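**Q** Sharing a structure here in structure tokens format.
The values are calculated or read from the model by the stated rules, or taken from the named source; none is laboratory data. Since the structure is predicted, the reported quantities are computational estimates derived from the model, not experimental observations. Counting neighbours? That spans all protein chains shown, and the Cβs are built from the backbone with ideal geometry, glycine included. Areas reflect the complete protein model, heavy atoms only, side chains present, ligands, DNA and RNA absent. Shrake-Rupley method; radii C 1.70, N 1.55, O 1.52, S 1.80 Å.
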Amino acid sequence: MKRDSATFFKELKGLLDLETAAEKERFLQVLALQSPEQREASGTCLTALTVEDEYPGLGGRFILVLRKASRGALPWTKLDAGDPVILSGKPEGQSWNGRAVVAERHAQVIHIAFEEPPPDLEDAGPLQLDLSFDESTRRKERQALDTVMLAKGNRLAELRDIFLGLKTPAEESWDGELRLQTPLNDTQRAAVKKALDARDVAIVHGPPGTGKTTTLVEIIRHSIQPQGKILVTASSNLGVDNLLEKLIQTGIKAVRLGHPARVMEALRIHTLDYKAEKHEDARLARKMMKEAAVLIQQARRYTRAAPAKGSKQALWSEAKALMADARKLETRAVERVLDEAEVICATTTGLDPFVLGSRRFSLVVLDEAGQCTEPNAWIPLQRADKLVCGGDHCQLPPTILSLEAAHQGLNVSLMERLVHQHGDLITTRLDVQYRMNTAIMNFSSQEFYEGALIAAESVEDRRLPHEAPLLWIDTAGAGFEEEAEKESGSRFNPKEASVILYRVRQLQEQGLQPGQLAVITPYAAQARYLRAQLSDSGIEVDTIDGFQGREKDAVLISLVRSNEDQEVGFLKETRRLNVALTRARCHMTVVGDSATLSVHPFLQRLMQYFESNVAWFSIWEIAPDLIG
């Protein structure tokens, strides 16, 4: 559908404002309604911390190492590398809080990185670390929408009009030769060729297990040219890192932007910070930063005794001057690293204009495009001459908190809109999947992909030695009622969890190792409950959203909902269930209450599919001892 660009982007900014308000309201509600101890139990806070150590980090950052004052292990927490946090305490008796980013997390300690050195926190009393609300992403999205809306007479304006349906995407016949490092099937080769032929935009639609990442890497390899660089981006750090890892393996000169704490540990040597520090200018910068750190320690020591007038301020001033000069040297080293790279990798919100300057890209590859909101996608597109999207709009949509914004279309990704707008002209759907047994694959293939998916010969009959590929355990009539978690309102179902634990034991008795098995559920409260039960098992437990992009030999799914009103909640989002139903390689167990779930047509068809595969059983047949 064609749209007036000014009206479209103004409406999009309005939806973004609604989403920002909803995010902030939820964040403030949690702070107001939950004590620090409750937030710690829900994983968004750590209390009663003390400083264990401090040291200079990459890029001139300062790292504090925190642990529990009791010297015990950290409790289970959602806080992980890359998360924005606020550290609070009372240095010198005054309330203080500072923004930081989680650098590392271990069983006993958590490392957090500051851009500027914090005050001396040795005698600041018990410290508290809270997950932070961060508006920087929204600011970048608003700026991008303004830039796109006002663009005239340039490539950005052309792409905007194509993406709004005002112009038709064009093709250019690519005359190069395909020299593949990895064997590709027919649809993968077709996707590579269509992307290389496209002048403006191409989409690689990758259903679960179909080799989308491999296909994108070949597109990138064949698009590298001396005259222009390529930008590889995704909405999540994991998405970027997955592509970066494959690019490095093929020998491509790639550099990763973003805070090193947000990057997989094995890939940190490919970050801009790490590479820049190998340059001669950076060596001198490190020396200056160490000198600054010494001066800061001297200034802090003066807090325990009255210093000579002006001496403390002089030390701080000298330290800051040294840090400023060090960062100038680092900037010069950064420019050299970026100039040498063939591909630059970053999250959509990790594109720092101060780092990139005026750089443009001959190709922007946007992975996980089905999960990326349209405002978010326009951040990298401001710098693009051409776009290739990779993703699956039939899996998880963008996460939107504002129901009104979602209802008005903020949950429709740019990729989904382009697929509906231009269809086969720009889209290639991959159709051979290399993950799942055919029985596990077929339901999603029928429901979401017109029955077009084919299981590769190597996986079509993969299975566990003593298990059929599918099992549904129906808890209807057993009194396995769901409950609401007091702190969050999220749903959990202890009795249904007992069935999952029963299946875990069965599979392990048959020889399945913890690393081969995962337990997933749509509800965070159920994930927390099951994680506590399996805390020492080594088995991965997560929400469906958190397990997106992952796979295991066996996956157990707890659907949770069981109530007299037949409310199914999250389970109405069929694309979320598509993710859940396509994670298992060999075996999938689903536990759910048919009396509650059968009200929804999709769930009813799912149960009928299990029944048609002789894989549907009542709890009375499977584990009668768990009833009552």
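**Q** I'm trying to understand the selection: among the residues of the stretch 582-594, which are assigned to a strand (DSSP E or B) and open to solvent by 20 Å² or more (accessible area, probe 1.4 Å)? Explain how you work it out, then say what you get.
**A** Within the stretch 582-594, the subset assigned to a strand (DSSP E or B) is 584-592.
Of everything in the stretch 582-594, just one residue is assigned to a strand (DSSP E or B) and open to solvent by 20 Å² or more (accessible area, probe 1.4 Å), namely R585.
**Q** Could you list all residues from the stretch 303-316 that are in a helix (DSSP H, G or I) and either at pLDDT 75 or above or crowded, with 16+ Cβ neighbours inside 10 Å (or both)? Walk me through how you get there before you give the answer.
**A** Taking the stretch 303-316 and keeping what is in a helix (DSSP H, G or I), we get 303-304, 311-316.
Within the stretch 303-316, K312, A314, L315, W316 qualify.
**Q** Being at pLDDT 95 or above, under 23 Å from L356 (Cβ atoms) and buried (at least 24 other Cβ atoms within 10 Å of the Cβ) narrows it down to one residue among A202, A191, A234, A195; which is it?
**A** Values: A202 fails: under 23 Å from L356 (Cβ atoms); A191 fails: under 23 Å from L356 (Cβ atoms); A195 fails: under 23 Å from L356 (Cβ atoms).
Within the list A202, A191, A234, A195, the selection yields A234.
**Q** Here is a follow-up. Could you check, for the stretch 539-552, whether at least one of its residues is of a type in the set (K, R), part of a loop (DSSP other than H, G, I, E, B), out of contact with any helix residue (DSSP H, G or I) (no Cβ under 7 Å at 6 or more places or on another chain) and within 29 Å of G211 (Cα to Cα)? Let's see the steps before the verdict.
**A** Of the residues in the stretch 539-552, the ones of a type in the set (K, R) are 550, 552.
Right, trim to part of a loop (DSSP other than H, G, I, E, B) and you get 550.
If we keep only those that are out of contact with any helix residue (DSSP H, G or I) (no Cβ under 7 Å at 6 or more places or on another chain) too, we end up with 550.
With within 29 Å of G211 (Cα to Cα) added as a condition, the list becomes 550.
Yes - at least one qualifying residue is present in the stretch 539-552.
**Q** Just the residues that are touching a strand residue (DSSP E or B) at 6+ places or on another chain (Cβ under 6 Å) and not in a helix (DSSP H, G or I), please, taken from the stretch 207-237.
**A** G209, T210, K229, I230, L231, V232, T233, A234
**Q** Given P226, P183, which one is open to solvent by 20 Å² or more (accessible area, probe 1.4 Å), at pLDDT below 95 and either touching a Lys or Arg at 6+ places or on another chain (Cβ under 6 Å) or over 30 Å from T582 (Cβ atoms) (or both)?
**A** Details: P183 fails: either touching a Lys or Arg at 6+ places or on another chain (Cβ under 6 Å) or over 30 Å from T582 (Cβ atoms) (or both).
Step by step, each of P226, P183 is checked, and only P226 is open to solvent by 20 Å² or more (accessible area, probe 1.4 Å), at pLDDT below 95 and either touching a Lys or Arg at 6+ places or on another chain (Cβ under 6 Å) or over 30 Å from T582 (Cβ atoms) (or both).
**Q** Which of the numbered conditions does W620 fail, given that it passes all the others? Conditions: (1) more than 30 Å from N242 (Cα to Cα); (2) part of a loop (DSSP other than H, G, I, E, B).
**A** For W620, the failing item is (2).
**Q** Identify, please: which residue in the stretch 137-157 is basic (K, R) and not in a loop (DSSP other than H, G, I, E, B) and is, among those, farthest from Q38 (Cα to Cα)?
**A** The first filter runs over the stretch 137-157 and keeps only residues basic (K, R), leaving 138-140, 142, 152, 155.
Subsequent filtering for residues that are not in a loop (DSSP other than H, G, I, E, B) retains 138-140, 142, 155.
On the way: R138: 28, R139: 31, K140: 32, R142: 34, R155: 51 Å.
Step by step, filter the stretch 137-157, then rank; the result is R155.
**Q** If you don't mind, another one. How many residues are free of Cβ contacts under 8 Å to residues at least 60 places away in the same chain and either on the phi > 0 side of the Ramachandran plot or surrounded by fewer than 21 Cβ atoms within 10 Å (Cβ to Cβ) (or both) when one looks only at the stretch 491-506? Can you show your working first?
**A** To start, the set of residues in the stretch 491-506 that are free of Cβ contacts under 8 Å to residues at least 60 places away in the same chain comprises 494, 501, 504-506.
Cutting the leftovers down to either on the phi > 0 side of the Ramachandran plot or surrounded by fewer than 21 Cβ atoms within 10 Å (Cβ to Cβ) (or both) gives us 494, 501, 505-506.
Matching residues across the stretch 491-506 total 4.
**Q** Could you look through the stretch 158-179, keep only residues that are surrounded by 14 or more Cβ atoms within 10 Å (Cβ to Cβ) and of a type in the set (A, V, I, L, M, F, W, C), and pick out the one that is farthest from L453 (Cα to Cα)?
**A** L159
**Q** Since Q446 meets every condition but one in (1) outside any loop (DSSP other than H, G, I, E, B); (2) open to solvent by less than 40 Å² (accessible area, probe 1.4 Å); (3) closer than 22 Å to R583 by Cβ, which condition does it not meet?
**A** Of the numbered conditions (1) outside any loop (DSSP other than H, G, I, E, B); (2) open to solvent by less than 40 Å² (accessible area, probe 1.4 Å); (3) closer than 22 Å to R583 by Cβ, the odd one out for Q446 is (2).
**Q** Select, from L66, L150, the only residue that is under 28 Å from E291 (Cβ atoms) and either surrounded by 15 or more Cβ atoms within 10 Å (Cβ to Cβ) or free of Cβ contacts under 8 Å to residues at least 60 places away in the same chain (or both). Explain how you work it out, then say what you get.
**A** On the way: L150 fails: under 28 Å from E291 (Cβ atoms).
Of the residues listed, the single one that is under 28 Å from E291 (Cβ atoms) and either surrounded by 15 or more Cβ atoms within 10 Å (Cβ to Cβ) or free of Cβ contacts under 8 Å to residues at least 60 places away in the same chain (or both) is L66.
**Q** Additional query: Any idea which of E509, E551 is open to solvent by 20 Å² or more (accessible area, probe 1.4 Å) and over 19 Å from the mean Cα position of the chain (by Cα)?
**A** On the way: E551 fails: over 19 Å from the mean Cα position of the chain (by Cα).
Among E509, E551, only E509 is open to solvent by 20 Å² or more (accessible area, probe 1.4 Å) and over 19 Å from the mean Cα position of the chain (by Cα).
**Q** Give the number of residues within the stretch 1-42 that are within 20 Å of R71 (Cα to Cα) and modelled with pLDDT under 85.
**A** So the first thing to find is which residues in the stretch 1-42 are within 20 Å of R71 (Cα to Cα), and the list is 36-37, 40-41.
Pick out the ones that are also modelled with pLDDT under 85 and you get 41.
Selection size over the stretch 1-42: 1.
**Q** Give just the number: which of (1) part of a loop (DSSP other than H, G, I, E, B); (2) under 27 Å from H270 (Cβ atoms); (3) open to solvent by 10 Å² or more (accessible area, probe 1.4 Å) does D53 not satisfy?
**A** (1)
**Q** Would you call V432 surrounded by fewer than 22 Cβ atoms within 10 Å (Cβ to Cβ), closer than 30 Å to V591 by Cβ, touching a Ser or Thr at 6+ places or on another chain (Cβ under 9 Å) and modelled with pLDDT of 95 or more? Break it down into steps so the answer makes sense when it comes.
**A** On the way: surrounded by fewer than 22 Cβ atoms within 10 Å (Cβ to Cβ): yes; closer than 30 Å to V591 by Cβ: no; touching a Ser or Thr at 6+ places or on another chain (Cβ under 9 Å): yes; modelled with pLDDT of 95 or more: yes.
In short, no.
**Q** Kindly establish whether E460 is of a type in the set (D, E) and within 18 Å of R605 (Cβ to Cβ). Working first, answer last.
**A** On the way: of a type in the set (D, E): yes; within 18 Å of R605 (Cβ to Cβ): no.
No.
**Q** In the list A484, A456, which residue meets the criterion of being under 18 Å from P207 (Cβ atoms) and surrounded by fewer than 22 Cβ atoms within 10 Å (Cβ to Cβ)?
**A** Values: A484 fails: under 18 Å from P207 (Cβ atoms).
After ruling out the rest, the residue left standing is A456.
**Q** Looking at the stretch 221-249 only, could you name the residues that are more than 22 Å from the chain's Cα centre (by Cα) and closer than 14 Å to V365 by Cβ?
**A** Result: R221, H222, S223, I224, G228, K229.
**Q** Checking the conditions here, which among E245, E218 is open to solvent by less than 20 Å² (accessible area, probe 1.4 Å), at pLDDT 95 or above and closer than 30 Å to A580 by Cα? Spell out how you get there, then give the answer.
**A** Working: E245 fails: open to solvent by less than 20 Å² (accessible area, probe 1.4 Å).
Just a single option satisfies the conditions, and that option is E218.
**Q** How many of the residues in the stretch 563-581 are touching a strand residue (DSSP E or B) at 6+ places or on another chain (Cβ under 8 Å) and either at pLDDT 95 or above or buried (at least 17 other Cβ atoms within 10 Å of the Cβ) (or both)? Spell out the reasoning first.
**A** First, pick out the residues of the stretch 563-581 that are touching a strand residue (DSSP E or B) at 6+ places or on another chain (Cβ under 8 Å): 569, 580-581.
Adding the requirement that they be either at pLDDT 95 or above or buried (at least 17 other Cβ atoms within 10 Å of the Cβ) (or both) leaves 580-581.
Of the residues in that region, 2 qualify.
**Q** Among the acidic types (D, E), in a loop (DSSP other than H, G, I, E, B), more than 30 Å from K13 (Cα to Cα) and under 22 Å from the mean Cα position of the chain (by Cα): which single residue out of D80, D134 fits that description? Lay out the reasoning, then the answer.
**A** Values: D134 fails: more than 30 Å from K13 (Cα to Cα).
None of the others qualify; the one that does is D80.
**Q** Continuing with the same structure: Might you check whether a residue that is modelled with pLDDT under 90, in a strand (DSSP E or B) and more than 26 Å from G258 (Cβ to Cβ) occurs anywhere in the stretch 83-104?
**A** Checked the stretch 83-104: at least one residue is modelled with pLDDT under 90, in a strand (DSSP E or B) and more than 26 Å from G258 (Cβ to Cβ).
**Q** Here's a check for you: in the stretch 353-381, which residue that is surrounded by fewer than 24 Cβ atoms within 10 Å (Cβ to Cβ) and aromatic (F, W, Y) is nearest to G211 (Cα to Cα)?
**A** F361
**Q** How many of the residues making up the stretch 129-144 are surrounded by 19 or more Cβ atoms within 10 Å (Cβ to Cβ) and touching a strand residue (DSSP E or B) at 6+ places or on another chain (Cβ under 9 Å)?
**A** 3
**Q** Can you tell me which of E40, E19 is open to solvent by less than 40 Å² (accessible area, probe 1.4 Å) and more than 13 Å from L410 (Cβ to Cβ)?
**A** Values: E19 fails: more than 13 Å from L410 (Cβ to Cβ).
Only one candidate passes the filter, namely E40.
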